[in-house]
Amino acid sequence: MQHDEVIWQVIRHNHCSFMAKITTGNFCRNPYNITGVCNRSSCPLANSRYATIRDHDGVFYLYMKTIERAHKPNELWERVKLPRNYEKALEIIDKHLMYWPKFLVHKAKQRLTKMTQMRIRMRKLALKTREKIMTTPRKEIKRESRREKKAETAAELDKSIEKELLERLNGGLYGDIHNILPTHFNKILDENELHAVSEDEEYEEEPEIEYVQGYDDLEEEDDIEDFGGFAIDESLKNNDDAPEDEEDMDSVRVKRRSESAHQKMEEDERRKSKKKAKVLVEVEHEDASERQRATF
């Protein structure tokens, strides 16, 4: 038969693996302890009737232990799932711990309150974006820098060897028979083809041909030639006999302007006379046999 007082005397004064002694006090590391303090009322081993609340992946459960199941260690604790609503969880605790000691009921509600507040804070922290401080491993950085330098030197050596072999090959040092890897051979052929295609494109480039409408402009040019042809000839003739004095030059310029204006006036009158077509209208009356003609 289980005796709580004997168990507590052995645990408290001899040895307990869950006890943690610090300068501030004695604490309990047992996951079923409702307060976390090592004392007679909150010890889960020394109390045959005990209740606590535990968290499993964000879900809260009410654990209860009675003396009737002390002989069955696999069925020692009875577990009840608590809803996420805080008020409903309190109602379930009151329902299942109705006739239990008030100390356990009060501590169970207090533990539920603290755990709900902790869950809310965890959600807020998970939603926040915070800076993560990471250390820079110096050994790895040095190792990577050494590897990069070795790779660069190896690449430069390969390029220099390849360049030297190509120069010897182009110089005819190896003769007509060559043992070249197919990948390098295809690469050289592709480079030569690209070079040849670029040269052909440079030579084959021709100027672009454009087609422009010019019928409307030609008519205007013909009219200008009709206006200015005679004036240009007269000006050339006058230029041959141009006087050397400045006064004579001014008089010649005035004459040329008057002649060009007179010629323009005559050309305008000719065009107007050409454009105007004469219309002959005959009017015949029933009473008189005479016809009246009018020209417009």
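The values are calculated or read from the model by the stated rules, or taken from the named source; none is laboratory data. A quick note: this is a predicted structure, and the numbers were derived from the prediction, not measured. Cβ placement follows ideal geometry from the backbone for every residue including glycine, while neighbour counts extend to all protein chains displayed. These area figures cover heavy atoms from the full protein model, side chains too; ligands, DNA and RNA do not enter into them. Shrake-Rupley method; radii C 1.70, N 1.55, O 1.52, S 1.80 Å.
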Note on I93: of the conditions (1) part of a helix (DSSP H, G or I); (2) open to solvent by 20 Å² or more (accessible area, probe 1.4 Å), unmet is (2)
(1) more than 22 Å from K109 (Cβ to Cβ); (2) among the small types (G, A, S); (3) surrounded by 12 or more Cβ atoms within 10 Å (Cβ to Cβ) all hold for S17 apart from (3)
Those residues of the range 24-39 that are within 54 Å of the chain's Cα centre (by Cα) and open to solvent by 30 Å² or more (accessible area, probe 1.4 Å) come to a total of 4
Could you check, for the range 131-139, whether at least one of its residues is assigned to a helix (DSSP H, G or I) and not aliphatic (A, V, I, L, M)? yes
Screening K124, K88, K109 for residues that are closer than 18 Å to N33 by Cβ, open to solvent by 50 Å² or more (accessible area, probe 1.4 Å) and without any contact (Cβ under 8 Å) to a residue 60 or more places away in the chain leaves only K109
By residue number, the members of the range 1-59 that are under 30 Å from A126 (Cβ atoms) and among the basic types (K, R) are R29, R54
If we ask which residues in the range 40-82 are surrounded by 12 or more Cβ atoms within 10 Å (Cβ to Cβ) and without any contact (Cβ under 8 Å) to a residue 12 or more places away in the chain, their number turns out to be 2
